[in-house]
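First comes the structure, then the notes that go with it.
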Amino acid sequence: MRDNILKGEAADPANDAIDNRIVGRTTDKTNNKIVDSTIDKGADFIVDSVECIADSKAWEPKIIAFLCNWCSYAGADLAGTSRLQYPPNIRIIRVPCSGRLNPLFIIKALIDGADGVMVSGCHPGDCHYLSGNMYARRRFTILKKLITAAGINPDRVHFTWVSASEGNRFAEVVAEVTNRVRKLGPNDLTGGNE
């Protein structure tokens, strides 16, 4: 699919559904226009991620984790390759930078049935996009106030910094977030979408 986009050809979603969700722009062959579908595809990916971890008999928290590609995702990879144990309750969605994460994705994840959301980016001063993590921190502060005003427990959403060399820290943060969300119980914002 990536080769098709680079050549300017239309992408075939049947060939690579995951890439179609991650890549935000595709070419519509019928109109020869570039179609920006990042939000629609991202929202579909969130719903699919929630549904993938929703199939257990005893209630366990479903947590969506938005991880920065450069640091936090690499930290998660290090935790996995080091065979560190952490709860399997999270579903990871890799984003280019925590500063590029649309806050609506966090709200959509909660509405679509996630019991918690974790956002993790580079440490302050280490962002590969210079200040993306600082933008994310500001957005997150405002989002916490917004969801509190909306009646959502702010402990359902967690923001953290994890670098590529902190596999142990990643495993600890996932365990901490999972335990916090487990104590809160099931999310009651699903609106019948579970």
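Kindly indicate whether any position in the range 184-194 is under 20 Å from residue 70 (Cα atoms), touching a helix residue (DSSP H, G or I) at 6+ places or on another chain (Cβ under 8 Å) and surrounded by fewer than 21 Cβ atoms within 10 Å (Cβ to Cβ).
Looking only at the range 184-194, we keep the residues that are under 20 Å from residue 70 (Cα atoms), and these are none.
Within the range 184-194, none of the residues are under 20 Å from residue 70 (Cα atoms), touching a helix residue (DSSP H, G or I) at 6+ places or on another chain (Cβ under 8 Å) and surrounded by fewer than 21 Cβ atoms within 10 Å (Cβ to Cβ).
Quick one: in the range 153-188, which of the residues that are in contact (Cβ under 8 Å) with a residue 24 or more places away in the chain and among the basic types (Lys, Arg) is nearest to residue 105 (Cα to Cα)?
156
Answer yes or no as to whether residue 147 is in contact with a Leu (Cβ under 6 Å, 6 or more places away or on another chain) and touching a residue at least 40 places away in the same chain (Cβ under 8 Å). Spell out how you get there, then give the answer.
Values: in contact with a Leu (Cβ under 6 Å, 6 or more places away or on another chain): no; touching a residue at least 40 places away in the same chain (Cβ under 8 Å): yes.
Against the criterion (in contact with a Leu (Cβ under 6 Å, 6 or more places away or on another chain) and touching a residue at least 40 places away in the same chain (Cβ under 8 Å)), residue 147 does not qualify.
Residue by residue, here is whether (1) more than 18 Å from residue 70 (Cα to Cα); (2) open to solvent by 50 Å² or more (accessible area, probe 1.4 Å); (3) at pLDDT 95 or above; (4) in contact with a Pro (Cβ under 8 Å, 6 or more places away or on another chain) holds:
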site: 92; (1), (2), (3), (4): no, yes, yes, no
site: 98; (1), (2), (3), (4): no, no, yes, no
site: 106; (1), (2), (3), (4): yes, no, yes, no
site: 109; (1), (2), (3), (4): yes, no, yes, no
site: 127; (1), (2), (3), (4): no, no, no, no
site: 131; (1), (2), (3), (4): no, no, no, no
site: 137; (1), (2), (3), (4): no, yes, no, yes
site: 141; (1), (2), (3), (4): yes, yes, no, no
site: 159; (1), (2), (3), (4): no, no, yes, no
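With the structure loaded, tell me whether residue 178 is at pLDDT below 95, hydroxyl-bearing (Ser, Thr, Tyr) and out of contact with any strand residue (DSSP E or B) (no Cβ under 6 Å at 6 or more places or on another chain) or whether it fails that test.
Numbers: at pLDDT below 95: no; hydroxyl-bearing (Ser, Thr, Tyr): yes; out of contact with any strand residue (DSSP E or B) (no Cβ under 6 Å at 6 or more places or on another chain): yes.
The answer is no for residue 178.
The values are calculated or read from the model by the stated rules, or taken from the named source; none is laboratory data. Predicted, not measured: the structure shown is a model, and the values here were computed from it. Note that we place each Cβ from the backbone using ideal geometry, even for glycine, and neighbour counts take in every protein chain shown. Protein only, heavy atoms only, side chains kept; ligands, DNA and RNA dropped before computing areas. Shrake-Rupley method; radii C 1.70, N 1.55, O 1.52, S 1.80 Å.
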